[in-house]
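For reference, the structure discussed in these notes is given below.
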Amino acid sequence: MDFTQRFVPTFRQDFKARDSGGFDRPRYLKLASELKDLISLNSGDPDLTAAPAAVEAAVEALRTGKTHYVYRGLPELLEALGRKLATENRVTVDPRTQLIVTNGSAEAATAVFQTLLEPGDEVLTTDPYYSGHVGSILAARGVPVLVPTSGDALWEPDPAEVEARITPRTKGFIFANPGNPSAAVYRRETLQALLDLAHRRNILMIPDELFERYVYDGHRHISMASLPGAADRVITLGGFSKSYCMTGWRLGWIAAPGWLAGILEQVRYAMSMAAGTPNQWGAVAALSDAARPYYAQVYRTYGERRGYFIQALTAAGLPQQPTPGAFVGMVDIRRTGRTSSEVAEIFLREGRVAMWPATAFGPHGEGWLRYGLVVPLDKLKEGMARLAPVIRTLLPSSAPRV
Ligand SMILES: Cc1ncc(COP(=O)(O)O)c(C=O)c1O
């Protein structure tokens with residue numbers, strides 16, 4: 001008997017295949033697994049870990065039996081998040097009714113789409129996209145609709161391009177700001193234009209602000225929910241994984257409009273009931289003043305890695321026009337005249353450095369690789385020392401030196 005045909009609905013059977021953007025991920029991973037001493041810049045999970053104060057608070061919670069269910073979120077964490085949103089993000093929410101603590105922001109996105117979508121409803125996102133967004137749209141039987149973006153515009157979507165793809169089935173637009181894979185940082189005017197569009201065309205905006213702390217070069221992260229008119233139209237997704245170095249702790253949050261929060265809470269309850277209680281005590285400490293110096297240092301560490309990486313690529317013959325974000329981002333390889341998959345494979349085989357071809361995140365990633373600054377600076381330097389001679393062999397001999 002074919003168990004898959006008998007038990008797995010057809011719409012689920014191609015679930016994985018549709019997530020890969022046409023890039024042959026298994027082949028690439030097999031190649032990578034055969035290499036010794038690989039420097040992997042393609043993960044989203046960094047070497048850095050949570051602030052000691054957060055670890056202590058979580059351990060203390062375990063020791064003292066603070067281990068019971070807390071359904072919508074630990075009240076202390078909801079309060080702390082409310083304060084953080086008000087002071088850092090200028091977003092006003094009622095923590096007792098509008099915030100939900102989730103198992104990672106992955107669960108936040110999934111809960112939102114499980115709540116909002118009828119089968120066949122469309123959700124706009126950027127191309128290149130964060131694959132988890134596409135996955136959670138598909139899991140809710142929605143249809144992801146891609147809005148092309150370009151490195152020449154620093155990967156910010158053009159609101160007119162977003163609008164052009166709205167149909168009667170469109171429910172909303174989900175985007176990572178700062179971006180993954182792109183490290184785009186949306187300007188106020190772009191956010192305002194998108195929000196105006198949400199009003200005009202009656203859709204929702206769903207910013208994912210997981211990387212909110214990593215913005216450089218004098219730019220500032222702006223939460224769309226802080227703009228006038230955002231209250232009923234913006235669902236903000238956030239989390240502790242990246243900005244607080246807590247990937248495996250699985251903590252995220254949703255700041256939802258009042259009309260949505262109640263039903264969203266029920267759907268999330270059906271999915272996982274609650275997030276881990278000791279972890280939430282850790283998160284309270286991560287948001288406290290005690291952890292501030294630690295995370296200020298983390299910010300500087302990513303800034304240093306980013307600065308070095310951009311300068312080293314440029315010196316090797318691949319000039320970059322960097323986006324203001326960090327942690328993950330895009331390498332412009334257009335000067336090589338080769339495809340993203342080709343260059344990723346050459347970097348892997350000849351430099352033993354792994355970076356995803358950005359086509360793994362949508363066709364508009366062609367000409368780019370995606371990096372993650374997830375290794376210490378000395379490893380990054382070793383990686384660039386290996387890549388620099390490889391890059392030189394890829395550049396046309398007529399290419400001007402930079
Ligand atoms: C943009 C973005 N959103 C959401 C997630 C999911 O992260 P988590 O569930 O750990 O919060 C990731 C992970 O890489 C991401 O890059």
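The values are calculated or read from the model by the stated rules, or taken from the named source; none is laboratory data. Owing to the predicted nature of the structure, the values given are computational and were not obtained by experimental measurement. Every residue, glycine among them, receives a Cβ derived from its backbone with ideal geometry; neighbour counts consider all protein chains shown.
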task: Examine the stretch 105-128 for a residue that is over 25 Å from Arg12 (Cβ atoms), within 16 Å of the ligand (Cβ to nearest atom) and of a type outside the set (Val, Ile, Thr), and state whether such a residue exists.
output: no
field: Matching entry among Arg268, Arg233, Arg201 (being surrounded by fewer than 21 Cβ atoms within 10 Å (Cβ to Cβ) and assigned by TED's automatic domain parsing to the domain that holds Leu74)
entry: Arg201
Which listed residue, of Ala139, Ala153, Ala108, Ala193, is modelled with pLDDT of 95 or more, under 29 Å from Gln280 (Cα atoms) and not polar (S, T, N, Q): Ala108
query: For the stretch 203-227, which residues satisfy the criterion of being outside any loop (DSSP other than H, G, I, E, B) and either free of Cβ contacts under 8 Å to residues at least 60 places away in the same chain or near the ligand (Cβ under 10 Å from one of its atoms) (or both)?
result: Met205, Pro207, Asp208, Met224
message: It is to be established whether one or more residues within the stretch 279-298 are surrounded by 21 or more Cβ atoms within 10 Å (Cβ to Cβ) and within 17 Å of Asn177 (Cβ to Cβ).
response: no
